[in-house]
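Peer 1: The structure follows.
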């Protein structure tokens, strides 16, 4: 399969992720159950939009509905919600504590990424974080060196990251 087509193979979309997380959060207050109106308020969208979105979420077996039309995460939906929260937490910690990204920006960017990270990538990120933020002398030294590292790149032709085209220059040009 071509790499770009993998995007459509994700278990959940950004919208579905937010619906599951809203149901999970609201459910903490109400024994796991959430009303459509509360989900709409939480996501700042209409009740109609929530109802439409819930159809496909229910069809995939991610939520159950009671006779009062309240929804609750199924075991599969709960598993996905927990995974999303773990991925967002790991990504945000990496951005904040390793890369030094501001809180607000890290919150937004980790939200954009949480549902796109694969499980293996997320697990390896957690292991990397655990190492980099540990008291291990090699980790302490690596973090110190990283923070002191000059933003000067080696010659693009010899850079092991850029492979002949300076990525810093490309990113700066794209941001204009």
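The values are calculated or read from the model by the stated rules, or taken from the named source; none is laboratory data. Just so you know, these numbers come straight off a predicted model, no measurement behind them. Quick reminder, even Gly has a Cβ in these numbers, built from the backbone with ideal geometry, and neighbours come from all protein chains shown.
Peer 1: Can you tell me which residue is surrounded by the most Cβ atoms within 10 Å (Cβ to Cβ) among those in the stretch 47-86 that are touching a helix residue (DSSP H, G or I) at 6+ places or on another chain (Cβ under 7 Å) and part of a loop (DSSP other than H, G, I, E, B)?
Peer 2: In this case the residue turns out to be 62.
Peer 1: Can you tell me which residue in the stretch 137-159 is surrounded by the fewest Cβ atoms within 10 Å (Cβ to Cβ), limited to those that are more than 15 Å from residue 97 (Cβ to Cβ) and at pLDDT 95 or above?
Peer 2: In the first step, residues of the stretch 137-159 are kept if they are more than 15 Å from residue 97 (Cβ to Cβ); the result is 137-138, 141, 145, 148-159.
Now restrict to residues that are at pLDDT 95 or above: 137-138, 141.
Details: 137: 8, 138: 10, 141: 10.
Result: 137.
Peer 1: Please go through the stretch 1-38 and give me each residue that is assigned to a loop (DSSP other than H, G, I, E, B), modelled with pLDDT under 95 and surrounded by 10 or more Cβ atoms within 10 Å (Cβ to Cβ), ordered by number. Before the answer, list the steps.
Peer 2: Our first condition is that a residue be assigned to a loop (DSSP other than H, G, I, E, B); within the stretch 1-38, this holds for 1-2, 10-13, 30-32, 35.
Checking the rest, the ones that are also modelled with pLDDT under 95 come to 1-2, 10-13, 30-32.
If the condition is that a residue be assigned to a loop (DSSP other than H, G, I, E, B), modelled with pLDDT under 95 and surrounded by 10 or more Cβ atoms within 10 Å (Cβ to Cβ), then 10, 11, 12, 13, 30, 32 are the ones that fit.
Peer 1: A further question on this structure: Determine which member of the set 17, 81 is in contact with a strand residue (DSSP E or B) (Cβ under 8 Å, 6 or more places away or on another chain) and in contact (Cβ under 8 Å) with a residue 60 or more places away in the chain. Working first, answer last.
Peer 2: On the way: 17 fails: in contact with a strand residue (DSSP E or B) (Cβ under 8 Å, 6 or more places away or on another chain).
Exactly one residue qualifies, and that residue is 81.
Peer 1: Let me ask you something else. Of the residues that sit in the stretch 87-112 and are under 26 Å from residue 59 (Cβ atoms) and touching a helix residue (DSSP H, G or I) at 6+ places or on another chain (Cβ under 7 Å), which one is surrounded by the most Cβ atoms within 10 Å (Cβ to Cβ)? I'd like the intermediate steps shown before the answer.
Peer 2: Narrowing the stretch 87-112 to residues under 26 Å from residue 59 (Cβ atoms): 87-88, 111-112.
If we keep only those that are touching a helix residue (DSSP H, G or I) at 6+ places or on another chain (Cβ under 7 Å) as well, we get 87-88, 111.
Details: 87: 24, 88: 21, 111: 17.
This residue is 87.
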